[in-house]
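Beneath this line is the structure, given in structure tokens, with notes to follow.
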Amino acid sequence: MTGHKAGPEDSREATRPRVLVVDDDPDMLQVARRGLESEYEIVDASTGAGGVEVAKRVKPDAIVLDLDLPDISGFDVMKLMREKIGTSVPIIILTGSTEEDAEFISAQAGADDFISKPYDMERLKARIALNLLKRGLRA
């Protein structure tokens, strides 16, 4: 886990939804944090297991998840998250995976959205906002 700013007892910032970003690339975590932090409260993790633990502890409003993690496949992380925190939290896959059917498999595994790396930050922001709105949360 890296850069987690909010502790489990921290009160949620009233005006910004909490987004968990799970990616093993520190540069990608930094880019995501810089690009999203003006609109969202960002927490992050650099491993799949760390992401599941952070998700259980901080109860994010949305999750941005890389598929290519060093310890657990992103598909398994998504399954664990769905078991631990339910289906109400949108999970957006953000990956550089070259697996041909990654988007289809992600949807079957319960992902709400899929974006390939490299990506445009405005597109990621729009997808997070859209998925929060679909869940009845203010983006």
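Given the structure, is GLU83 farther than 24 Å from GLY50 by Cβ, charged (D, E, K, R) and without any contact (Cβ under 8 Å) to a residue 24 or more places away in the chain? Talk me through it step by step, then tell me what you get.
Working: farther than 24 Å from GLY50 by Cβ: no; charged (D, E, K, R): yes; without any contact (Cβ under 8 Å) to a residue 24 or more places away in the chain: yes.
Answer is no for this residue.
From the list ARG57, ARG127, which one is under 18 Å from GLU41 (Cβ atoms), in contact with a strand residue (DSSP E or B) (Cβ under 7 Å, 6 or more places away or on another chain) and surrounded by fewer than 21 Cβ atoms within 10 Å (Cβ to Cβ)?
Numbers: ARG57 fails: in contact with a strand residue (DSSP E or B) (Cβ under 7 Å, 6 or more places away or on another chain).
It is ARG127.
Quick check on this structure: which one of GLU53, GLU122, GLU39 is among the acidic types (Asp, Glu), in a helix (DSSP H, G or I) and closer than 21 Å to LEU132 by Cα?
Values: GLU53 fails: closer than 21 Å to LEU132 by Cα; GLU39 fails: in a helix (DSSP H, G or I).
Result: GLU122 is the single residue among GLU53, GLU122, GLU39 that is among the acidic types (Asp, Glu), in a helix (DSSP H, G or I) and closer than 21 Å to LEU132 by Cα.
Scan segment 111-124 residue by residue and report those that are surrounded by 15 or more Cβ atoms within 10 Å (Cβ to Cβ) and charged (D, E, K, R).
ASP112, ASP113
Being farther than 20 Å from GLY136 by Cα, surrounded by 14 or more Cβ atoms within 10 Å (Cβ to Cβ), without any contact (Cβ under 8 Å) to a residue 12 or more places away in the chain and not hydroxyl-bearing (Ser, Thr, Tyr): is that true of GLN108 here?
On the way: farther than 20 Å from GLY136 by Cα: yes; surrounded by 14 or more Cβ atoms within 10 Å (Cβ to Cβ): no; without any contact (Cβ under 8 Å) to a residue 12 or more places away in the chain: yes; not hydroxyl-bearing (Ser, Thr, Tyr): yes.
When the stated conditions are applied, GLN108 does not pass them.
Does SER97 satisfy being modelled with pLDDT under 95, surrounded by 15 or more Cβ atoms within 10 Å (Cβ to Cβ) and of a type in the set (Ser, Thr, Tyr)?
yes
Please state which of the following conditions PRO70 fails to meet, knowing it meets all the rest: (1) touching a residue at least 40 places away in the same chain (Cβ under 8 Å); (2) in a loop (DSSP other than H, G, I, E, B); (3) closer than 23 Å to LYS134 by Cβ.
All conditions are met except number (3).
Answer yes or no: is there a residue in segment 78-86 that is of a type outside the set (D, E, K, R), touching a helix residue (DSSP H, G or I) at 6+ places or on another chain (Cβ under 6 Å) and either at pLDDT 95 or above or not in a helix (DSSP H, G or I) (or both).
Let us first name the residues in segment 78-86 that are of a type outside the set (D, E, K, R), namely 78, 80-81, 85-86.
Subset that is touching a helix residue (DSSP H, G or I) at 6+ places or on another chain (Cβ under 6 Å): 78, 80-81, 85.
From the residues that got through so far, the ones that are either at pLDDT 95 or above or not in a helix (DSSP H, G or I) (or both) too are none.
For segment 78-86, residues of a type outside the set (D, E, K, R), touching a helix residue (DSSP H, G or I) at 6+ places or on another chain (Cβ under 6 Å) and either at pLDDT 95 or above or not in a helix (DSSP H, G or I) (or both): absent.
The values are calculated or read from the model by the stated rules, or taken from the named source; none is laboratory data. Computed from a predicted model, the values in this text were never measured in an experiment. Counting neighbours? That spans all protein chains shown, and the Cβs are built from the backbone with ideal geometry, glycine included.
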